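Enquirer: Let me give you the structure first, and then I'll get to my questions.
The values are calculated or read from the model by the stated rules, or taken from the named source; none is laboratory data. What you see is a predicted model; the values in this text were computed from it and never measured. Here the Cβ is made from the backbone with ideal geometry for all residues, glycine too, and neighbour counts use every protein chain on show. Side chains included, ligands, DNA and RNA excluded: accessible areas come from the protein's heavy atoms. Shrake-Rupley method; radii C 1.70, N 1.55, O 1.52, S 1.80 Å.
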Amino acid sequence: MNKLFFLALFCIGITAIAQGPPITADNPIMLGGKSFTVKTLMEIRNTERGTAFYAPLVLNYLPTANSLVSVQLPYITYDFEDTGSGNGLADIKLLGKYQFLRKDAMGKTFRMVAKTKQSLPTGKELDVMGLSTGMYEGYYGIISGYETLKYGISTEIGYNWMPGGTMDAFETHLGFGLPLLKPQYPNKQLNLYFEYSSNWLYERNWYQLLYAQGIQYAGKTLTVDLALQLPLVQDMPADRALNYSVLFGTRYTF
């Protein structure tokens, strides 16, 4: 498996944001300043090692129209062959985003955002990527997005740094969003999402390429998401391979 080829493909690719925010990826579109969003994206992750249920409570605040700060308080319950079963607080995450480029035209917009995410070692050392590692992690990336009334596309590429462990990773996201309803007021949308993500953990020589098929209902202040994520490529030990993830989320803006 040529990891560099897939990474190059994702660097030039784009993650969809059509009208509503992406489901498994991040969003370069920001709402007005002084606004709050409460959201969750619950995940049932089934692997050859066992199953985990992850439920984060996320609070986003936009100090200005081009900046965002966020705190994520996650709960996890798990049953793994090597660590047993349990539940409790996972790794708390602090996130910051700054939109440094915005180009608007009639019926379309292009945005670019710098992003950092700091994961605090508050969870158990389960060695589960993105959920609970029990180690400090720092993520640094760039998101870009192009949205029109007919479709949305965006991209994210970043690096996840784990100074005390071996899960340093290059991450990329690609997807496409397709609105099924015509633009209307008050806002009501039904969107399909086709989203890809890749992770290359070069210290472990692991590589994953995942695909998520999702559907989303987006109203004026409420969004409901549902997605199924499946592996396309897994170059990693068989006992750590992903079978599937089911994701269900909601968000409310005020």
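Enquirer: Somewhere in the range 119-137, is a residue open to solvent by 20 Å² or more (accessible area, probe 1.4 Å), among the acidic types (Asp, Glu) and not in a strand (DSSP E or B)?
Expert: yes
Enquirer: Can you tell me which of Ile157, Ile143 is of a type in the set (A, V, I, L, M, F, W, C), modelled with pLDDT of 95 or more, farther than 21 Å from Ala55 by Cα and in contact with an Asp or Glu (Cβ under 6 Å, 6 or more places away or on another chain)?
Expert: Exactly one of Ile157, Ile143 is of a type in the set (A, V, I, L, M, F, W, C), modelled with pLDDT of 95 or more, farther than 21 Å from Ala55 by Cα and in contact with an Asp or Glu (Cβ under 6 Å, 6 or more places away or on another chain), namely Ile143.
Enquirer: Could you tell me whether Leu57 is within 30 Å of Phe110 (Cα to Cα), exposed (fewer than 14 other Cβ atoms within 10 Å of the Cβ), out of contact with any helix residue (DSSP H, G or I) (no Cβ under 7 Å at 6 or more places or on another chain) and not hydroxyl-bearing (Ser, Thr, Tyr)?
Expert: Details: within 30 Å of Phe110 (Cα to Cα): yes; exposed (fewer than 14 other Cβ atoms within 10 Å of the Cβ): yes; out of contact with any helix residue (DSSP H, G or I) (no Cβ under 7 Å at 6 or more places or on another chain): yes; not hydroxyl-bearing (Ser, Thr, Tyr): yes.
Answer is yes for this residue.
Enquirer: Where residues in the range 37-88 are touching a Gly at 6+ places or on another chain (Cβ under 7 Å) and among the charged types (D, E, K, R), which of them is farthest from Pro231 (Cα to Cα)?
Expert: Checking each candidate, the answer is Lys39.
Enquirer: Answer yes if at least one residue in the range 196-210 is in contact (Cβ under 8 Å) with a residue 12 or more places away in the chain, surrounded by 14 or more Cβ atoms within 10 Å (Cβ to Cβ) and of a type in the set (D, E, K, R), and no otherwise.
Expert: Yes, the range 196-210 has at least one match.
Enquirer: Filter the range 195-254 for residues that are of a type in the set (Val, Ile, Thr) and in a loop (DSSP other than H, G, I, E, B) and give the result.
Expert: Thr221
Enquirer: Given Pro28, Pro21, which one is open to solvent by less than 30 Å² (accessible area, probe 1.4 Å), at pLDDT below 90 and in a loop (DSSP other than H, G, I, E, B)?
Expert: Pro21
Enquirer: Let me ask something else about it. Please list, ordered by first then second residue, the pairs with beta carbon atoms under 8 Å, 6 or more apart or interchain, first in the range 89-100 and in contact (Cβ under 8 Å) with a residue 12 or more places away in the chain, second of a type in the set (Val, Ile, Thr) and open to solvent by less than 20 Å² (accessible area, probe 1.4 Å).
Expert: Close Cβ pairs (under 8 Å, with a partner that is of a type in the set (Val, Ile, Thr) and open to solvent by less than 20 Å² (accessible area, probe 1.4 Å)) amount to Leu89/Ile76; Ala90/Ile76; Asp91/Thr133; Lys97/Val113; Lys97/Ile143; Tyr98/Val113; Gln99/Val113; Phe100/Val113.
Enquirer: Anything in the range 80-107 that is surrounded by fewer than 14 Cβ atoms within 10 Å (Cβ to Cβ) and basic (Lys, Arg)? List them, or say none.
Expert: Answer for the range 80-107, where residues must be surrounded by fewer than 14 Cβ atoms within 10 Å (Cβ to Cβ) and basic (Lys, Arg): just Lys103.
Enquirer: Here is a check on your reading of the model: is Thr116 under 21 Å from Asp168 (Cβ atoms), at pLDDT 95 or above and in a loop (DSSP other than H, G, I, E, B)?
Expert: no
Enquirer: Then there's this: May I ask you to say which residue of Gly164, Gly145, Gly141, Gly177 is open to solvent by 20 Å² or more (accessible area, probe 1.4 Å) and either in contact with a strand residue (DSSP E or B) (Cβ under 7 Å, 6 or more places away or on another chain) or in a loop (DSSP other than H, G, I, E, B) (or both)?
Expert: None of the others qualify; the one that does is Gly164.
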